[in-house]
Every structure is written in C-alpha cells, then in structure tokens.
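Where a number appears in this text, it was derived from the coordinates with a stated rule and is not lab data. In this text, all values refer to a predicted model and were calculated from it rather than measured experimentally. Note: ideal-geometry Cβ built from the backbone for every residue, glycine included; neighbour counts use all protein chains shown.
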C-alpha cells in the first residue's frame, strides 16, 4: 500500500511513518520542512506541503498513485501561519477535498480525545471542525475506509506532554497537579502507530470515529510516578500544587516554552481524558498495552534523565542571563556615576563625548541583548552576540583598567562563568 503521511516530522507522524514502513508499506513523508524529513527518513521520498497555503488543487499531483493518507499534522497552541485555524481546519479541509475528488480509499485523520460534542478548548474545537468535515465528506462520497482517530494523551520520548511529566517526575518531590485525581488514559506512541497501521490494513469498512486510549484510566499522580520509574528513579513523596497556582503559572508557560503547560492544557486535564476501549477492541481485535509495559519496552537512558532535569533549568538559565544583562545596562547607564565610568575609559584614550558614547552605547547594547533573551527572541543568536560583546568588553576593560583582574570581587574573572553559562544556554536553546 502506498501511504502518504502528512505531518511526518511530528511526534505522532514520524512514528506512524516508521511503523507503516516496517509493516512493508511504501511511505511518502509529507511536511513543511523537506530537509528535516530527508534527514529523518533518508530512504523515503519526501514531499513539501503547507496547510497555511495549499488548496485542493495543490494536493492532486501529490496524491497520484496513493492508496491511503494519514493526516498527523497538528499544533497545540499555534501562531502565525502555523495557527490552529490553518493546521487543524483550512489545511485539512483542502486535503480532504482532494482525497474525496480522487477517491482515496483509506484516510485516517488523527484528532484528539475530547474533540467531541462537549469540546470547549480551542484545540479540541478546531480539531472537531476538521473531523466533522472529514466524516461528512466520507458519507457523501461513500468512502468506507475513512476514519477519525481520537487518541488520548500520547506518551513517548519526544512528546511535549511526556517531557513535562518526565520533568515533574524527576524532581525530588514530584508535584501533585490539582488534587492528583485528574484522570487520563494514556497510550504509548508506538501503540498508536501500530493501531493506525491495523486500520490501514483493514479490508472491511472502518468506523467513522474511533477513540484510542490505554487499557485503563490512571490519575495524573500515577502518570507522573510511572514516568519517574521509567527514568529509574526511586519512589518519592509528592508536593501538592493547587489548581489556582497551576493556572497562575500557566500564564508564564508560553514565555518559558513549556508548551504542555498552559491554561488550555490544564482545562483538558481537569475535564478528564478517558474513553472505553471496547469499540477499539471490537474494531481491531486489539487494545494498547498498559503504559508501564509499553515504556519498559523502550528503556530510558541517561540522556532522558538529563533532559528531564534540564527541562525547568533551560528557561531559568535564559531568564537569569537576561536579567543579568538588563541589570548591568541599568547600573551602567543610570546608577553608577557617569563621571567614574568616563574616567575608566581614559585608559583607552577617550574622553568627553566619545567616552560618554561608549558608556551609554554599551549600556544600550546590554539592554537590547538582555531583552532579546527575556522575550525569547532568537535566544541562541542573542547568546552568540552576547559572547562577542563580552569578549570585546573584556578586552577593552583589560586595556583600560587592568587592575580589575585582581580585585577581590572579580568583576572580570566572573565573565568566565558567564561565558560558560551562555554557552550552555545556546546549546539548550539551539533548534535542530
């Protein structure tokens, strides 16, 4: 079977592509970043698509010779051209229109558990609109192999929710979210991919909608401690975090890049994320494994533990460096006596206007670079510029005030520690 996987570079899409290829199907990986797709799947053909701009006619050529389509594209928050509207509604509608026109016999729309008649969050509502369009088209064109798959929380290495719960589990006392009784029914991403392949290979008519969930519900406490055990950490007590505090902290989630921590995700957790597995068992004669069993089949490594422990450290380091640079700008420009700063530039042969320009220009540069970090504007590039600025300032200070190297508070020797911290921040913030 020739299968086009849209969103193949994403967390779920890549696992579906790998599992379907392993099962012997011919896979075409499709997404916005073709270079990334070729790195991920060197043996597979890669196609460019962009839900923000593609119309039905753009899909016709891509669908030539295709037997099945899996739409695994999705975003949780969405912004710019990568908005929820584009990725979850207008883009998929164009794809579905083209698939119906050329009568693709098998189509699987990856949605989310909760995208039903009781949906309230923007994420669920946007998914539901595309789901309804998909099932309506399937009915109108009598396409019996089209299915909307609604997975519960999907767990696996690389998943944003998994990263958050791993970070919580790696703390000395894992936080208890709310009262710790919010219920989920998580399944491992490899089980979701396997189930999707079973649907693709099914000869008879497929269910129009099918919930995918783990075999039994578990609380957020149980999920956190299951992942903690996967990290090979010993049992630990819990620290209760009230819901009101979580909701307050969620406003900082976007700034700190905790994509899984937001007002929307808390609403979804509080609502619950469970479903009966009987329809799944009846449709496929199969149910996903218990999460602990699935995770044990994919053992954690030291790198997983490092990643979990650095999860909260990453934004803290970026913010700390930002405040350091901004405070330095404020002290240099407004607090420290300007005449003393000008006197120090005498060692460079500067005075008057030139000296003032150097002092205030340096303060402005510090403020600009610190603000870029604080507001998360290309932090890796900002870090590189900070290192360049730090080296230049250190050389100038060494010429102008060489005795600064021997002062007990180490105004220049501290630059070495800041340099190492900045290099660490760049490594953590750099995008692949």
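Structure data summary
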{"quantity": "Rounded to 10°, Cα long-axis angle of helix 91-101 versus longest principal axis of the chain", "calculated": "30"}
{"quantity": "Virtual spin-label span in nm between residue 203 and residue 285, 7 Å along Cα→Cβ", "calculated": "1.2"}
{"quantity": "Inter-site label distance for residue 247 and residue 278 at 7 Å from Cα along Cβ, in nm", "calculated": "3.5"}
{"quantity": "Tilt relative to the chain, helix 313-330 - C-alpha long axis, 0 to 90 degrees, to 10", "calculated": "30"}
{"quantity": "Helix 11-22 axis, angle to the chain major axis (alpha carbon atoms, nearest 10°)", "calculated": "50"}
{"quantity": "Mean residue ellipticity (222 nm) of the chain, computed from DSSP H runs ≥ 4 via -39,500 (n - 2.57), nearest 500", "calculated": "-15500 deg cm²/dmol"}
{"quantity": "Taking only Cα atoms of the chain, radius of gyration then Dmax in Å", "calculated": "26.4, 86"}
{"quantity": "The chain: relative contact order in percent, alpha carbon pairs under 8 Å with at least 6 residues between", "calculated": "12"}
{"quantity": "FRET E, pair residue 136, residue 181, Förster distance 30 Å, beta-carbon r, rounded to 0.05", "calculated": "0.20"}
{"quantity": "Convex hull volume per residue in cubic angstrom - Cα atoms of the range 1-93", "calculated": "86"}
{"quantity": "Pairwise label distance in nanometres, residue 368 with residue 102, each label 7 Å out on the Cα-Cβ vector", "calculated": "5.0"}
{"quantity": "Theoretical gain in end-to-end length, residue 26 to residue 236 [0.36 nm per residue, Cα-Cα removed]", "calculated": "71.0 nm"}
{"quantity": "Compactness relative to 2.2 N^0.38 Å, alpha carbon Rg of the range 256-338", "calculated": "1.97"}
{"quantity": "Cα-based Rg of the range 315-429 normalised by 2.2 N^0.38 Å, two decimals", "calculated": "1.07"}
{"quantity": "Calculated FRET value between residue 38 and residue 61, using beta carbons and R₀ = 25 Å, to 0.05", "calculated": "0.80"}
{"quantity": "Neighbour-count ranking [beta-carbon atoms within 10 angstrom, fewest first] of 405, 230", "calculated": "405, 230"}
{"quantity": "Likely footprinting exposure, 293, 263, fewest C-beta neighbours within 10 Å first", "calculated": "293, 263"}
{"quantity": "For the chain, built as a Gaussian network whose Cα springs stay under 10 Å, the top-fluctuating residue of 338, 384, 108", "calculated": "338"}
{"quantity": "Candidates 269, 420, 153: whichever shows maximal mean-square fluctuation once the chain is modelled as a Gaussian network with Cα springs under 10 Å", "calculated": "420"}
{"quantity": "Stretchable slack from residue 298 to residue 118, in nm (0.36 nm times residue separation minus alpha-carbon distance)", "calculated": "61.3 nm"}
{"quantity": "Max mean-square fluctuation residue, GNM over the chain, Cα-Cα springs under 10 Å, options 52, 367, 86", "calculated": "367"}
